[in-house]
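The values are calculated or read from the model by the stated rules, or taken from the named source; none is laboratory data. None of these values were measured; they are calculated from a predicted model. Every residue, glycine among them, receives a Cβ derived from its backbone with ideal geometry; neighbour counts consider all protein chains shown. Keep in mind that these areas ignore ligands, DNA and RNA; they rest on the heavy atoms of the full protein, side chains included. Shrake-Rupley method; radii C 1.70, N 1.55, O 1.52, S 1.80 Å.
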Amino acid sequence: MASLVRHITVDCSDAYRLGQFWAGVLDGSLADDDFPGDPEALVTAPGSALLFVTVPDAKSVKNRVHVDLQPQDRTRDEEVERILALGATVVGDHRRPDGTGWVTLADPEGNEFCVERSAAERAEVTH
């Protein structure tokens, strides 16, 4: 059997704080042994696991790898607004007048990620 991705690891300046943000985004939870000041924080959510590790280096360039989120029970635009309320910022708005496209956001430490259209929104588009 081939290897499986156990989790995606993100370097950051405050593992617990960033873990709390992503737990909110993914409707997930931090590990029971995670606490403020912990050098690592593990977020688990249905279908994913993200490990945040505190490092001394500041983020200085665009991510080489990023997460694409697809809302399950709301529209892309509703999800963008929800995540902005959690503390994200808009990096790039790639929505098109026909309803296609995505929005690139940054988490509180500047790590970019995208919010795509939901499966229901994709099914609505006719050509």
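Taking every protein chain into account, the 1.4 Å probe leaves Asp33 with about 110 Å² of accessible area, to the nearest ten. Gyration tensor over the Cα atoms of the chain: the corresponding equivalent ellipsoid has semi-axes (square roots of 5 times the eigenvalues, largest first) of 27, 17, 14 Å.
Nearest 500 deg cm²/dmol is fine: what mean residue ellipticity at 222 nm does the chain get from its DSSP H runs of n ≥ 4 alone, each adding -39,500 (n - 2.57), divided by its residue count? Before the final figure, lay out each step's value.
Values: 3 runs with 29 residues, N = 127.
The helix-only estimate for the chain comes to -6500 deg cm²/dmol at 222 nm.
Against the chain, whose longest principal axis comes from its Cα atoms, helix 76-86 is set at around 30 degrees.
Inter-label distance, Asp32 to Ala85: 3.1 nm, where each label sits 7 Å from its Cα along the C-beta direction. Of the whole protein surface, His66 contributes about 80 Å² of accessible area at a 1.4 Å probe radius. For the stretch 37-79, the fraction of 1.4 Å probe accessible surface lying on carbon and sulfur atoms is 52 percent.
Residues in the stretch 31-126 average 61 Å² of solvent-accessible surface per residue, probe 1.4 Å, ligands and nucleic acids excluded. When you work out D = kT/(6 pi eta Rh) for the stretch 1-72 at 20 °C and 1.002 mPa s, using the Kirkwood radius from C-alpha pairs as Rh and the Stokes-Einstein form, the result is 166 µm²/s. Fully extending the segment from Gln72 to Ser3, taken as 0.36 nm per residue of separation minus the present Cα-Cα distance, adds 22.1 nm.
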